[in-house]
Amino acid sequence: MIDKQLLQKRFSTNAQTYDQFANVQKKMANALFGQIVIRPERILEIGCGTGYLTEKLRRHFPHARITAVDLAPGMIAVAKQRLDAEQINWICGDIEEIELSERYDLIISNATFQWLNDLDRTLFRLYDALNDGGQLVFSTFGARTFHELHTSFACALKTQNLNEPLRIGQSFPTLNQLLGRCQCTIPSAAISAAETIEIERFPSVRDFFLSLRKIDATNSTTGRYCQRPSVFKAMMREYEHRFSENGQIFATYHCLFIDITRL
């Protein structure tokens, strides 16, 4: 389960510097925007963050009424500084709890659905809030995300002779798993899916971890996690040994894209 209070606090704390580190999230936003095939009059954006995607929506659909939602008040504050537009209705709240009393032509969400505790229920509610012919498009992260980190962590546990069921960070679905959930939840919709791989490079594992903290990709879930310094030191050694090239370590982002049309 995602700890929403912890998530809210972390995103608000890092809101001012988020864009400096969110390179992959920006690429995902650009790709997601390219999936829009309608001219929407009413738009709901979920997880607007600092307003990067909101700005693109506002620029390309100047006559649309946009409702932008984010869990973190710090993110909303930065987005408002970025966009001073009367046609944007800013809502600070959790999309899993907000009542959806309006209908939209476009519902869009970039790199946010991994923070949902009940994906199926949220998908059903969002689809129900679409007008006929409307689009629900979202991006999230897939199973191969940070596989270097998970591999290094598993090796570190082995070298430390630890056989406990410990993990580091979230687990993510494959594209087929995510697509299957969408199809089961909304069987009457037209649904398509795509995936990409993005590779980020860093001077060291410590720099990689700093980047994760700045985009709040660190763990915000409940459950058992390893906090032993010896394991983390071993993990960093494994990472730099196994996944370095030309003096830099690399990290994989597995990006998933779902396009749902209400028929």
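Selection of segment 1-45 for residues being part of a loop (DSSP other than H, G, I, E, B) and of a type in the set (D, E) yields D3, E41. Would it be correct to say that S139 is touching a helix residue (DSSP H, G or I) at 6+ places or on another chain (Cβ under 7 Å), in contact (Cβ under 8 Å) with a residue 12 or more places away in the chain, within 23 Å of V24 (Cα to Cα) and part of a helix (DSSP H, G or I)? For S139, the condition - touching a helix residue (DSSP H, G or I) at 6+ places or on another chain (Cβ under 7 Å), in contact (Cβ under 8 Å) with a residue 12 or more places away in the chain, within 23 Å of V24 (Cα to Cα) and part of a helix (DSSP H, G or I) - is not met. Taken together, the criteria exclude T122 from residues that are open to solvent by less than 50 Å² (accessible area, probe 1.4 Å), within 25 Å of T261 (Cα to Cα) and either touching a residue at least 60 places away in the same chain (Cβ under 8 Å) or more than 21 Å from the chain's Cα centre (by Cα) (or both). Pairs meeting the criteria (first residue in segment 235-263 and part of a loop (DSSP other than H, G, I, E, B), second residue among the charged types (D, E, K, R), beta carbons under 8 Å, at least 6 apart or on different chains) are F243/E148; R262/D132; L263/D132.
Taken together, the criteria place T145 among residues that are in contact (Cβ under 8 Å) with a residue 24 or more places away in the chain, under 26 Å from R10 (Cβ atoms), open to solvent by less than 10 Å² (accessible area, probe 1.4 Å) and part of a loop (DSSP other than H, G, I, E, B).
Only one of the numbered conditions (1) loosely packed, with under 15 Cβ neighbours inside 10 Å; (2) in contact (Cβ under 8 Å) with a residue 60 or more places away in the chain; (3) in contact with a Lys or Arg (Cβ under 8 Å, 6 or more places away or on another chain) is not met by I197, and that is (2).
A single entry from A68, A85, A64 fulfils the requirement of being without any contact (Cβ under 8 Å) to a residue 60 or more places away in the chain and closer than 23 Å to W115 by Cα: A68.
Does P187 satisfy being assigned to a loop (DSSP other than H, G, I, E, B) and surrounded by 17 or more Cβ atoms within 10 Å (Cβ to Cβ)? Spelling it out, it is not the case that P187 is assigned to a loop (DSSP other than H, G, I, E, B) and surrounded by 17 or more Cβ atoms within 10 Å (Cβ to Cβ).
The values are calculated or read from the model by the stated rules, or taken from the named source; none is laboratory data. Computed from a prediction, not measured in an experiment: that's the story for all the values here. Here the Cβ is made from the backbone with ideal geometry for all residues, glycine too, and neighbour counts use every protein chain on show. Keep in mind that these areas ignore ligands, DNA and RNA; they rest on the heavy atoms of the full protein, side chains included. Shrake-Rupley method; radii C 1.70, N 1.55, O 1.52, S 1.80 Å.
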